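**Q** Okay, here's the structure, questions in a sec.
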Amino acid sequence: MKIAILGTGFLGTKLFNQLKKDNEVITASLNPEENTEKLDALNIKELEYFMQKHKPELIIDTIALTSSLKCEQNPELAEKLNYQTASNIVKVASPIKAKVIFISSSYVFDGKKGDYSETDPVNPENVYGIEKIKAEKKVLESGGLVLRVDIMYGYNSKNNPNGVFDKILSNKEIEERNPTQLRTPLFIDDVAQIIIKLIENNQSGIFNVAGPDKITIYDFQKQLEEIARKNKDSKIKIINDPNALIKPPMNTTLNTKKINSLRIYTTPLKQGLKKLKEQFERDNWISLAKLSV
C-alpha cells in the first residue's frame with residue numbers, strides 16, 4: 001500500500017518506522033528531517049501538488065497543536081493546525097480517491113463521566129477539543145476514518161520525539177495541575193497495526209483507540225519516571241491553581257468495545273511500560289557502545 005504520513009512528531013515518526021517495512025511510505029512536514037519532504041498543509045496548492053505527485057492510497061494526518069494550554073492562548077493557531085490542515089487534506093484527497101485517517105482526541109468530551117463510547121455526545125470545554133470536532137466532521141463526510149485516542153506513550157529514539165516520555169527525559173520539573181485526572185494510556189506501537197487492520201476490514205467512521213487500563217495521570221507519570229530516573233527523587237510537582245487558563249476534563253477514559261469487536265486489542269499498561277523500558281535501555285546501550293568504539 002502507498003501511504004502518506006503528514007506530520008513527523010511522536011506518532012508520525014513511529015508510524016513511519018513501522019509501516020515502511022511492508023508499505024511504500026512517504027512522509028511530509030513543515031520542518032522536514034531526513035527522508036521527509038517539506039510540506040505546508042495550510043497551503044492548498046502545495047498540498048495538491050504533493051498528492052498529485054505521489055497519489056497515495058492512504059493519508060494519515062498526524063498534524064496537530066496538541067497542547068491544550070497553547071490552544072487556549074492562541075485559538076487562531078489552534079484552528080489552523082487542528083482543523084484547517086485536516087480540511088485541506090480532505091479536499092486534496094478526494095480527486096485521487098485516497099482514504100484519510102485523522103487522529104482525534106478524547107478531549108472532545110467534557111470528562112464528567114468517562115468510559116466514553118463512539119456514540120456518546122461530544123461536549124468539549126476547551127479550544128483543542130472544539131477544533132478536533134470540526135476536523136472530525138470534515139473527515140467523516142469524506143468517508144474517512146477518525147481515531148479518537150487517549151494519551152499516548154512509547155519511545156522512538158534519543159534523537160526523535162518521544163511524547164510524554166520526553167518530559168521525563170528532560171530531567172526538568174514537571175508541573176501537574178490535575179493529578180487525579182483519569183486516563184487510558186495507549187502504547188504507541190499499537191497504532192500502526194490498528195490502522196492496517198481497520199483498512200483491511202474496509203472500515204470508516206469513528207473508532208476509540210486507547211489502552212485497557214485506567215490510571216490517574218499522576219500515577220501514570222510516576223511509572224514513566226521509574227523507567228528513566230537515575231535517583232528516586234520525583235520531579236513531578238502538583239500545582240493547585242484555581243485561576244488556571246484551562247481545566248482539562250477529569251475523566252477522559254475511552255471505551256474500546258467497538259475495535260475489540262473486530263478482534264483488535266491494545267497493549268496492557270504494565271506490558272507497554274516494560275516494552276518502552278526495553279526500547280529505551282537498548283537505545284542507550286547502542287549509544288554507549290558507539291561512544292566506546
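The values are calculated or read from the model by the stated rules, or taken from the named source; none is laboratory data. None of the values given here were measured: they were computed from a predicted structure. Backbone-built Cβ (ideal geometry, glycine too); neighbour counts: all protein chains shown.
**Q** Would it be correct to say that A192 is in a helix (DSSP H, G or I), out of contact with any strand residue (DSSP E or B) (no Cβ under 9 Å at 6 or more places or on another chain) and either hydrophobic (A, V, I, L, M, F, W, C) or touching a residue at least 60 places away in the same chain (Cβ under 8 Å) (or both)?
**A** In short, yes.
**Q** Can you give me the number of residues within the range 165-182 that are under 15 Å from K14 (Cα atoms) and in contact with a Gly (Cβ under 9 Å, 6 or more places away or on another chain)?
**A** 1
**Q** Next question. Residue check: is F109 in contact with a helix residue (DSSP H, G or I) (Cβ under 7 Å, 6 or more places away or on another chain) and crowded, with 22+ Cβ neighbours inside 10 Å?
**A** Considered against the rule, which asks whether it is in contact with a helix residue (DSSP H, G or I) (Cβ under 7 Å, 6 or more places away or on another chain) and crowded, with 22+ Cβ neighbours inside 10 Å, F109 comes out as no.
**Q** Quick check on my filter: what residues within the range 203-232 are among the acidic types (D, E), crowded, with 17+ Cβ neighbours inside 10 Å and at pLDDT 95 or above?
**A** Matches in the range 203-232: D213 only.
**Q** Only one of (1) within 30 Å of E57 (Cα to Cα); (2) crowded, with 16+ Cβ neighbours inside 10 Å fails for E200. Which number is that?
**A** (2)
**Q** Return a yes/no flag: does the range 114-137 have any residue that is touching a helix residue (DSSP H, G or I) at 6+ places or on another chain (Cβ under 8 Å), at positive phi and of a type outside the set (S, T, N, Q).
**A** no
**Q** Additional query: Mind listing whichever residues of the range 105-142 are of a type in the set (K, R) and either closer than 15 Å to E79 by Cβ or within 17 Å of the chain's Cα centre (by Cα) (or both)?
**A** Result: K132, K134, K137, K138.
**Q** Please indicate, with yes or no, whether at least one residue in the range 117-135 is surrounded by 15 or more Cβ atoms within 10 Å (Cβ to Cβ), assigned to a strand (DSSP E or B) and at pLDDT 95 or above.
**A** No, the range 117-135 contains no residue that is surrounded by 15 or more Cβ atoms within 10 Å (Cβ to Cβ), assigned to a strand (DSSP E or B) and at pLDDT 95 or above.
**Q** While we're on this one: Out of curiosity, is M1 in contact with an Asp or Glu (Cβ under 6 Å, 6 or more places away or on another chain) and of a type outside the set (S, T, N, Q)?
**A** yes
**Q** Here is a follow-up. Could you tell me which residue of the range 180-197 is surrounded by the fewest Cβ atoms within 10 Å (Cβ to Cβ), considering only residues that are within 24 Å of D120 (Cα to Cα) and polar (S, T, N, Q)?
**A** The qualifying residue surrounded by the fewest Cβ atoms within 10 Å (Cβ to Cβ) is T180.
**Q** In this structure, does V139 turn out to be touching a Phe, Trp or Tyr at 6+ places or on another chain (Cβ under 6 Å), crowded, with 23+ Cβ neighbours inside 10 Å and closer than 20 Å to L58 by Cα?
**A** yes
**Q** On the basis of being surrounded by fewer than 23 Cβ atoms within 10 Å (Cβ to Cβ) and under 15 Å from L254 (Cβ atoms), does P161 make the cut?
**A** When the stated conditions are applied, P161 does not pass them.
**Q** For the range 218-254, which residues satisfy the criterion of being assigned to a loop (DSSP other than H, G, I, E, B) and among the charged types (D, E, K, R)?
**A** Hits for the range 218-254 are R229, K230, K232, D233, K235, D241, K247.
**Q** Separate question: Pull up the range 86-104, narrow it to residues that are part of a helix (DSSP H, G or I) and β-branched (V, I, T), then point me to the one that is farthest from the chain's Cα centre (by Cα).
**A** Among those residues, the one meeting the criterion is I96.
**Q** Taking the range 65-100 as the region of interest, how many residues are among the small types (G, A, S), surrounded by fewer than 23 Cβ atoms within 10 Å (Cβ to Cβ) and closer than 15 Å to E136 by Cα?
**A** 1
**Q** Against the conditions (1) among the small types (G, A, S); (2) within 21 Å of L186 (Cβ to Cβ); (3) under 18 Å from the mean Cα position of the chain (by Cα), where does A78 fall short? Just the number, please.
**A** Only one criterion in (1) among the small types (G, A, S); (2) within 21 Å of L186 (Cβ to Cβ); (3) under 18 Å from the mean Cα position of the chain (by Cα) is unmet by A78, namely (2).
**Q** Just checking: which of the strands (runs of 3 or more DSSP E) contained wholly in the range 6-85 hold 2 or more residues that are of a type outside the set (S, T, N, Q) and in contact (Cβ under 8 Å) with a residue 40 or more places away in the chain?
**A** On the way: elements: 24-29, 36-38, 58-61.
Qualifying strands (runs of 3 or more DSSP E): 58-61.
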